[in-house]
1. Across the range 44-71, what is the total count of residues that are in contact with a strand residue (DSSP E or B) (Cβ under 9 Å, 6 or more places away or on another chain) and not in a loop (DSSP other than H, G, I, E, B)?
2. Cβ contacts < 7 Å: first residue at positive phi and free of Cβ contacts under 8 Å to residues at least 40 places away in the same chain, restricted to the range 64-78; second residue assigned to a strand (DSSP E or B) and surrounded by fewer than 12 Cβ atoms within 10 Å (Cβ to Cβ), any location; separation 6+ or different chain. Result?
3. Could you list, in sequence order, all residues of the range 50-63 that are closer than 15 Å to residue 90 by Cβ and either modelled with pLDDT under 90 or loosely packed, with under 12 Cβ neighbours inside 10 Å (or both)?
4. Go through the range 84-95 and report how many residues are out of contact with any helix residue (DSSP H, G or I) (no Cβ under 6 Å at 6 or more places or on another chain), surrounded by 16 or more Cβ atoms within 10 Å (Cβ to Cβ) and modelled with pLDDT of 85 or more.
5. For the range 72-83, which positions are surrounded by 12 or more Cβ atoms within 10 Å (Cβ to Cβ) and assigned to a helix (DSSP H, G or I)?
């Protein structure tokens, strides 16, 4: 699930619970909050260009896809290739958007 979808899912869950007069328990929120924290950390590290620390947020077998206008234009598999892509991006004028996928 893409991050935007995850965010929409969380908003829908909260709204549905409010309409039903029920609250969300922390067990339901935990995965959403963990993902948000990871994305926030990733973004902060991107701002400071700390690629080494960014890469620690990915598993060895991670896949990162780059999208332009909703179309996949590049894909990087495994932590080492992802790191090389990030470093290349820092040294070029090309920028791309990372869509993090949550495999819940």
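1. Count: 7.
2. Final answer for the pair search is none.
3. 52
4. 1
5. If the condition is that a residue be surrounded by 12 or more Cβ atoms within 10 Å (Cβ to Cβ) and assigned to a helix (DSSP H, G or I), then 79, 81, 82, 83 are the ones that fit.
The values are calculated or read from the model by the stated rules, or taken from the named source; none is laboratory data. Computed from a prediction, not measured in an experiment: that's the story for all the values here. Here Cβ is always computed from backbone atoms with ideal geometry, including for glycine, and neighbour counts include all displayed protein chains.
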